[in-house]
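So the structure is just underneath, and the comments pick up after that.
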Amino acid sequence: MAGLAAYFGIGGHALDELVRGLAPRGDEVADWHDDAGHLAMAVRAGIPQVHRDHRGAAVVVDGVAEPSTLLARYAEGGAGAVSGRAATDPYAAVLADPARGVLVLCRHGDGPPLYYARHDGAVLVASEPAALLAAGVPARPDPDTMARFRVDGDCDVDTRTFLAGVRRLLPGQVLEVGAHGVRPVAHGAGTPATPPPVGAGLRLGVRLDGAMTGVALLGLARTEPVPPADALPTADPAAGDDADALPVYRALLPEATTPDAVTAPGLRDAPVPVTVADVDDLLAGLGEPVPDPDVLAAWVVARRAAGEVDAILDPLGGTALLADTVAPGYLTRVADRVTTRFGVALQMPYRHVAGTGAARELLARCRRGLPAEAVPAADPAPADPTLAVLRALRADVYATFLSTSFARRPGPDPREVVAGFGDLLAGRRGDAGRFWRAFLLERWLRLIESGTPVRPVEAAPERPSSTTVDGARWLRLPVVTRTLRAGDAYADSIAWYVTERVRAACADDRYRRRFGRCWYLVVAARPLAVAQGRVRPLWELRPGWWARRMSGFVRDRSWQGLGNPWTMQTAIDEAGLRRMLFAAAAGAGGRLVHRQGMFDRVAGEPVRQVRGPVERATFPANVAVAAAPTDPGAAAAELLAAVRAGLRDDVATGIAGCAVVGTDRVGGGCQVLACVGDRPADFYAAACADDPLGRLAGTPAAVLLLAPPETATSAPRPRRNGSRAARRAAAR
């Protein structure tokens, strides 16, 4: 698909920026400017062309159209005549007339998308919103469009987009851009009367969606003409008959059971995994969200099939066919972006016949070629695809809803969203689409905001920091480890990373001498709780009436404190309901007499260590509630012994203690749960007063050692040239 760009007004370098934003659409660029510099346009494609006539007008086209015919129509009938008959192929075109000083924007039928925006006194036009943003159009989300999408899933239904100030051409619409502004000229039919042929002479593939709508396309692929021999890929003799088989693609969600392969003759099964990274890739490619989660499957399948096939028969639009309604307009945008990014034509036969009389003929063609062996691949009672995707990506969905960025967005209360999502996963509600759209919107907003740095970049975890304890300066060397899981051997896992970090530091002789004297190890309590199975994800917690009621009286409304029902329910499970009620009464009484900390004194240390999800933590700590680890003293002693056994040299004799520390939810900073060795708990509390292990993800441990003497900063004394005898001879 070609990429079109144009501007009206004083654009300066705007055209270059627009073209740069259309980089995925081709490597070559052809452009045109008028003599006054007020009109310019360009096309980016594999073989771009700008067509001109003898009157000086020029046109660029994306789609199937004859440029000379468009110029002739414009010369005879003006801007309204640029759009052709309804039965012709869809296309998008930009025509420039320097004699009148206008641009004509045309989207014939359901042609490729075309967008425009006013910026700095000019009107910018491009095939994608990303190009307009690259040219300087502000990336401001449109609150009304987002609100409609969040409630009903509406998008691509009118001229408004998700970006304020960016507008789209509707199917069949013609606009004229000039000194008078942007003026609509015509608005014809949006859907061509005749659907395009399916897979004629192309290497085909088929995507299955688990329902009969996908399996039926196998019959349609079997009735299509066979591509010419020179279009077929070269067969590998070792591959047998699979090289000539029809590839059948299926998107596999995380943790989903792999369905049985399609065993019909002449078909080749090709499963494609889906991850949360594909969601961000989809949003970046489409430029705007779409409500159907099946588009995600179509996106990853097309990316996987690039180079293997020329076109994919996709069941998108099958839902509209079964409901006897018109297919949604955003499918045009999906097909355009897929072809642009991956070079694979996404053919959606159901989309063109949905809501028309041609649906019966298409289904008859599918039935004639459908192999009987492929019918069992369709689930007779397919599950809700939206709920299936949310279940598979639940950890990332929870992390998105728990984030601080989601909390500051206008809209529903994040606690209500998290509670409702838990009810959805538990089967107590059925509006999965609402949560999928909220998830997509937040990920898209982050993508839009990522172009401007919002917060300073933190120091790398490997970089050591220093602190002062009792007048001595101590270095803290963070230890980066893999993410621990429940059941992991905590001591052996952490000890291996600690020994590797110490050996790397000992390459410096100054550090090695310090390690030979004395050094200490501090480890975070939360990874220990994870390894002990003391961390429960939010979807496994079901807060009771008391937890919901008591959490409403807590002042700390953060996700880490007891001000949310999930953390409060974990605290009740740890201490018991009776003790928590006494603690709540003691806390209320303490407020009356201005005595702080009464709640934690009565509730006990286990409740004080209960902590909710932490956004900057790694999975599962970012979507789970962690209780206090069991017997942290024994864990510290075991880890100390494992580190000594792993070093086995003079450095091993220098380690003199180990402590398990956690973030102090009440007073802030660090709290020492247990320590072993020759130092008291106050030493570790002072060394970790700023909670270094809680600020950076992936660093569950740190090494403490005395800082080596700092190198003198004064300039060295310059050395005199020549030998002593030479200087004496010169003095004589």
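Coordinate-derived values only; no laboratory data. If you're wondering where the values come from, they're calculated on a predicted model, not measured in any experiment. Cβ: placed from backbone, ideal geometry, glycine included. Neighbour counts: every protein chain shown.
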Legend entry - Cα→Cβ-extended label distance, 7 Å offset, between A277 and A504, nm: 2.2 nm
Legend entry - Identified option (computed P(r) over Cα pairs in 20 Å bins from 0, in percent; candidates (1) 14, 35, 30, 17, 3, 0; (2) 17, 52, 30, 2; (3) 14, 36, 25, 16, 6, 2, 0): (1)
Inset, instruction - Assuming 1.567 mPa s and 4 °C, estimate D for region 541-617 with Stokes-Einstein, Rh taken as the Kirkwood radius over Cα pairs, in µm²/s. - result: 104 µm²/s
Legend entry - the chain, helix-only ellipticity at 222 nm - DSSP H runs n ≥ 4, -39,500 (n - 2.57), divided by all residues, nearest 500: -10500 deg cm²/dmol
Inset, instruction - Quick one: which residues, 5 or more positions from V479 or on another chain, have an amide H under 5 Å from its amide H? H modelled 1.01 Å from N in the peptide plane, none for Pro or chain starts. - result: A701, A702, V703
Legend entry - Tilt relative to the chain, helix 490-505 - C-alpha long axis, 0 to 90 degrees, to 10: 90 degrees
Legend entry - Exposure proxy order (Cβ contacts within 10 Å, fewest to most) of E638, E128, E605, E416: E416, E605, E638, E128
Legend entry - Net charge over other residues, Cβ less than 11 angstrom from the Cβ of L447 (K, R count +1; D, E count -1): -3
Inset, instruction - Name the shape class, rounded, prolate or oblate, that the alpha-carbon gyration tensor gives for region 389-449, where a ≥ b ≥ c are the square roots of its eigenvalues, rounded holds for a/c under 1.5, and otherwise prolate holds if a/b is larger than b/c and oblate otherwise. - result: prolate
Inset, instruction - Any chance you could give the angle, 0 to 90 degrees and rounded to 10, that helix 212-222 forms with the longest Cα principal axis of the chain? - result: 50 degrees
Legend entry - Length-normalised contact order for the chain - Cα pairs under 8 Å, 6+ apart - percent: 9 percent
Inset, instruction - Return the long-range amide H neighbours of C670 (sequence gap of 5 or more, or a different chain), with a cut-off of under 5 Å between placed amide H atoms. - result: D664, D691
Inset, instruction - Calculate the spin-label point distance for A256 paired with E66, positioning each point 7 Å from the Cα along the beta-carbon direction, and give it in nanometres. - result: 4.7 nm
Legend entry - Relative contact order for region 541-617, counting Cα pairs under 8 Å that sit 6 or more residues apart, in percent: 30 percent
Legend entry - Centroid-to-centroid separation of region 9-52 and region 96-175 [C-alpha atoms, Å]: 17 Å
Inset, instruction - List, in order, the whole-Hz ³J(HN,Hα) value for each residue of region 18-30 obtained from phi through the Karplus relation with A = 6.51, B = -1.76, C = 1.60 and θ = phi - 60°; use x for Gly and Pro. - result: 4, 5, 5, x, 9, 4, x, 8, x, 9, 9, 10, 10
Inset, instruction - Just the number, please: percent antiparallel of the DSSP beta bridges in the chain, rounded to the nearest 5. - result: 75 percent
Inset, instruction - Apply 1/(1 + (r/R0)^6) to the Cβ-Cβ distance of S466 and V593, taking R0 = 41 Å, and write down the FRET efficiency to the nearest 0.05. - result: 0.50
Inset, instruction - Kindly put T332, T340 in sequence by how many other C-beta atoms sit within 10 Å of each C-beta, fewest to most. - result: T340, T332
Legend entry - Inter-probe distance in nm under a simple model that places probes 7 Å from Cα toward Cβ, at H54 and D152: 5.3 nm
Legend entry - Phi-based couplings in Hz for region 307-312 (Karplus 6.51, -1.76, 1.60; Gly and Pro marked x): x, 8, 10, 8, 8, 10
Legend entry - Built amide H within the under 5 Å cut-off of H51, gap 5+: V59
Inset, instruction - Could you compute the FRET efficiency for T630 and E449, with r as their C-beta to C-beta distance and R0 at 45 Å, rounded to 0.05? - result: 0.60
Legend entry - Residues R616, R476, sorted so that the one with the fewest Cβ neighbours within 10 Å comes first: R616, R476
